[in-house]
Each structure stands twice: as C-alpha cells, then as structure tokens.
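S.K.: First the structure, then my questions, so here it is.
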Amino acid sequence: MKQCYPKVPLFLAFFSLLFYLPLYSKAQCMCSNGTPAITETHNTVSTFPSNSIANLSMPKFSPASGTLVCVNAKILLTSVLRMKLENNDVRTIDYTVNYNRNDTFAGPGISPAVTGSRLKSYGPYRLGPDDGIPFNAGGADNTSIGPDTVYNKVLYQGTTSDVANYLGTGTVNFQYKSVVNTFALGSDYWTLTVNSQNKVDFTLTYSYCNNSVLKLNLKSFQAILKDKENVLLSWTTLNENKNNSYEIELSENGSPFRTIGTTPAEPADGVAAEYNYQYHIDQPVGGKLYFRIKQLNGKATEYSDVRIINMSADAYPGVRIFPNPVVRNINLEFDRPLTGDFKIELSNQIGQTVYSTSMKLNNSSALQVQVNNPPPPGIYYLRAMEAGSGKIYSGKLLFTK
C-alpha cells in the first residue's frame, strides 16, 4: 500500500464562484410596459483563505425606490497559484502534481445550490534524490511551480427574478464552500507546499421600475376565471381621456403576447371609467394563460401588470397579494369567485404565527385583510386556508413602516 509523508497540510486556496441561476433570462429585466429597467449597482472587492466557507454581503434593495424586477450577480475572479515540490525519496523520481477543486455556491434565488469543479495537472518534474536539506535553494531534489494565474478576471454571472429576499433593509448574503485537494504522483515520499492569492470583484445589480408603471390613468386590472370556457377581464381608469384606447393581449407562455380584442375609451373626459371584456376559450387549455392590457394615447403606449389564469384540471385558483410591500392592510385577489369560510394566517420566516383571523367569501374573488397591529418590518408568509376543502392559497410579502 502506498503511503505519503507530506510535511505540510495538502490544501489549495480559494474557490471559483460558479454562478448560474436557472429559469431566468436577461429579457426579464424589463418593466411590464416593455421599457428597460432602471439599475442600482453595488460593488465590493474581497480576498479569502483556502478551504473555507465565507459570506459575501451586499445591501438589500429599498422598495421605496421602485418595483424590483430582477437581480444580477457578477464576479471577476483572479487566482494566482505558487507551489514548491520536494522529492524525499532516495531515488531520482519523475513527478506530476494534480490540482483538484470543488466549489459550491448558495444564495437567494439559487435552487438547488450551484456546484462546479476543476482539475489541472503540472509537470512532469524530474527531481534528484533527497539531499536532506528541506527545499535547499538550487538543490536538485526540489522545484518551484508558478506563479500560475489559474483564473485571470474570469467572469461568472447569473440573473434571478426571485427577488423577495433582496427587499428591505440590512444585507443579503451569498455563501461559498471550497474543497481543494492537491497531491503529487511519482513516489511515496514527497513534500508539497501551496500558496495562492485570490481576489474577487463582486458586483450586484438591481433592476427596478418606477412604482407607478401605468402613467395613463389605468388604476386596476383583474382577470377572473368564470368557468372552464370564459375569463372575465376588468379594469378601471381615473381621469379618463377620450383619446385613449385599449387592447387586450394574451400569451400562453408569458411571451410573446398577441391582441385578442380592443375597446375605445368611454367618451367622457376627466371622469372615472370601468371596462369589462370577456374572453371565450375556444379550445382546451392545460396550462396557464397570461393576460395584460395595452393602453394607447397618441404616440404613448403603456402596459398593465400581467394577470395569470391557471387552467390545469387540478389547479387551485391563483391568488394575487397586493400591495407588496405592504404597510397595514392586505388585498387578496383570486382568479375565480370562491364561496366558503377561510382562515387567514400571517407567519414570520421562522414559522411563528404573528396574525390570524377568519373570514367568509360568498361568490367573490376579492378579500381584504385588515391588520390593525402590523408586525415589525420584514418578510412574512400569508396563508388562506379554505375550511371545507383544506385548500391553501399562499404568498410572500414584505411589511414596511
């Protein structure tokens, strides 16, 4: 059996932050009206020791600045490696050195955690018999390896639209774990010392939209599934303009949208107006339908938020929770009318119930929860459980002052 007798621990430095977030694309870093989002950027430069777990922290995004639509994390990684290898055998030996590293990255929006690995070989090196003097300068039994720039400002980045954990005050944390093993092949007796310098330039970019996306007076927009063949779309406007017109748009996968109907503005200027449009589903749909309203006024074009109807046979009605962030009162908007008794619970991030009440719905798709004593600012989870069926409708929201 082979045995190795190194004189120092066998380790190598730092990590390669492999950052890829599935399911999202840069195209989602857009406002709902199709315009590019505004960006807010934070930067930090860090160095780290070998074989460790470390946190990279950045400030969270303030909801008062706007509506956060996506987050981009980007690093430029530089790693310079130096090693010394000594032959402790009584014979001349040809050595190679293997460098093997495995990295794991975890953080908000990354599910499951991202893993990566890298393997690199150095050599061969012909080293003479051990002269008895550790790393004797000029000795034939040892050699220096490097400096080798393993990574030279290598770019890794990812984008996510799962933004709930980025909202509020304080910081948001990214964590890495690096496991590295470096060893020599050629003999049973050798010594390897490893030194590395590692630097990360970390940039976090928030992409957000103004809180008031619809500038042309559109106040609200609802989509309700009346039955398996009809969806009722309704919206209201304030201070209506007779030059406005509205297009109803539909998508089967969230992008692109197509126009399925149009309606002109009500004739009276300067007053509130209500609009309704019924969409008839003329063929079976097994997934989701995405609706939005396009509002036009001369050369100006704006879009509503998207409303989603789930058409799966076993799907629960969808629910939209707003406003989010919330100060006190919460509105729930279901995608179809419901009837029954509901238990409403609000819990914090460690599962403690901070608010509970019972409410009744009678063929209605809207429910308002009045939280007279709101909890401290932070992320909370809302559950609406139907007493008869046990169905649960849930969502995440942020309480602010």
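S.K.: Examine segment 190-198 for a residue that is modelled with pLDDT of 75 or more and aliphatic (A, V, I, L, M), and state whether such a residue exists.
M.R.: So in segment 190-198, the residues modelled with pLDDT of 75 or more come out as 190-198.
In the following step, the residues that additionally are aliphatic (A, V, I, L, M) were identified as 192, 194.
Yes - at least one qualifying residue is present in segment 190-198.
S.K.: Determine whether Phe61 is among the aromatic types (Phe, Trp, Tyr) and more than 21 Å from the chain's Cα centre (by Cα).
M.R.: Criteria not met by Phe61.
S.K.: Which residue, of Lys391, Lys401, is touching a Phe, Trp or Tyr at 6+ places or on another chain (Cβ under 7 Å), modelled with pLDDT under 85, surrounded by fewer than 16 Cβ atoms within 10 Å (Cβ to Cβ) and not acidic (Asp, Glu)? Give the derivation first.
M.R.: Details: Lys401 fails: touching a Phe, Trp or Tyr at 6+ places or on another chain (Cβ under 7 Å).
When all the criteria are applied, what remains is Lys391.
S.K.: A further question follows. Evaluate segment 193-207: report whether one residue or more is in the same structural domain as Ala73 (by TED's automatic domain parsing) and on the phi > 0 side of the Ramachandran plot.
M.R.: No, that holds for no residue.
S.K.: Output the qualifying pairs, or none if there are none: Cβ atoms under 6 angstrom, residues six or more apart or on different chains, first residue in segment 93-104 and more than 22 Å from Asp188 (Cα to Cα) and assigned by TED's automatic domain parsing to the domain that holds Gly128, second residue crowded, with 19+ Cβ neighbours inside 10 Å and among the small types (Gly, Ala, Ser).
M.R.: Listed by first residue and then by second, the contacts come to Asp103/Ser16; Asp103/Ser178.
S.K.: On to the next question. Would you mind finding the one in Tyr316, Tyr290, Tyr246 that is within 35 Å of the chain's Cα centre (by Cα), at pLDDT below 80 and of a type in the set (Phe, Trp, Tyr)?
M.R.: Numbers: Tyr290 fails: at pLDDT below 80; Tyr246 fails: at pLDDT below 80.
One residue alone meets the criteria, Tyr316.
S.K.: Quick check on Ser121: is it surrounded by 14 or more Cβ atoms within 10 Å (Cβ to Cβ), closer than 30 Å to Ala184 by Cα and small (Gly, Ala, Ser)? Even if it seems obvious, please write down each step before you answer.
M.R.: Numbers: surrounded by 14 or more Cβ atoms within 10 Å (Cβ to Cβ): no; closer than 30 Å to Ala184 by Cα: yes; small (Gly, Ala, Ser): yes.
Answer is no for this residue.
S.K.: Out of Leu233, Leu225, Leu238, Leu289, which single residue is surrounded by fewer than 13 Cβ atoms within 10 Å (Cβ to Cβ), in contact with a strand residue (DSSP E or B) (Cβ under 9 Å, 6 or more places away or on another chain) and hydrophobic (A, V, I, L, M, F, W, C)? Write out each step before concluding.
M.R.: On the way: Leu233 fails: surrounded by fewer than 13 Cβ atoms within 10 Å (Cβ to Cβ); Leu225 fails: surrounded by fewer than 13 Cβ atoms within 10 Å (Cβ to Cβ); Leu289 fails: surrounded by fewer than 13 Cβ atoms within 10 Å (Cβ to Cβ).
Only one candidate passes the filter, namely Leu238.
S.K.: Does segment 125-132 include one or more residues that are small (Gly, Ala, Ser), farther than 18 Å from Asn72 by Cβ, in the same structural domain as Thr78 (by TED's automatic domain parsing) and under 31 Å from the mean Cα position of the chain (by Cα)?
M.R.: First, pick out the residues of segment 125-132 that are small (Gly, Ala, Ser): 128, 132.
In the following step, the residues that additionally are farther than 18 Å from Asn72 by Cβ were identified as 128, 132.
Those left that are additionally in the same structural domain as Thr78 (by TED's automatic domain parsing): 128, 132.
Now narrow it down to the ones that are under 31 Å from the mean Cα position of the chain (by Cα): none.
No: segment 125-132 contains no residue that is small (Gly, Ala, Ser), farther than 18 Å from Asn72 by Cβ, in the same structural domain as Thr78 (by TED's automatic domain parsing) and under 31 Å from the mean Cα position of the chain (by Cα).
S.K.: Give just the number: which of (1) at pLDDT 80 or above; (2) surrounded by 18 or more Cβ atoms within 10 Å (Cβ to Cβ) does Asn217 not satisfy?
M.R.: Going through (1) at pLDDT 80 or above; (2) surrounded by 18 or more Cβ atoms within 10 Å (Cβ to Cβ) one by one, Asn217 breaks only (1).
S.K.: If I ask for residues that are under 29 Å from the mean Cα position of the chain (by Cα), under 13 Å from Leu382 (Cβ atoms) and of a type in the set (Val, Ile, Thr), which ones from segment 319-369 would you list?
M.R.: If the condition is that a residue be under 29 Å from the mean Cα position of the chain (by Cα), under 13 Å from Leu382 (Cβ atoms) and of a type in the set (Val, Ile, Thr), then Val319, Ile321, Val326, Ile330, Ile344, Thr353, Val354, Val369 are the ones that fit.
S.K.: Within the set of pairs 6+ apart or on separate chains, which have a first residue in segment 48-76 that is under 30 Å from Asp305 (Cα atoms), a second that is among the aromatic types (Phe, Trp, Tyr) and at pLDDT below 75, and C-beta atoms under 9 Å apart?
M.R.: From segment 48-76, the pairs are Cys70/Tyr24; Ala73/Phe19; Ala73/Tyr156; Lys74/Phe19; Lys74/Tyr156.
The values are calculated or read from the model by the stated rules, or taken from the named source; none is laboratory data. Quick caveat: nothing in here was measured; it's all calculated off a predicted structure. Note: ideal-geometry Cβ built from the backbone for every residue, glycine included; neighbour counts use all protein chains shown.
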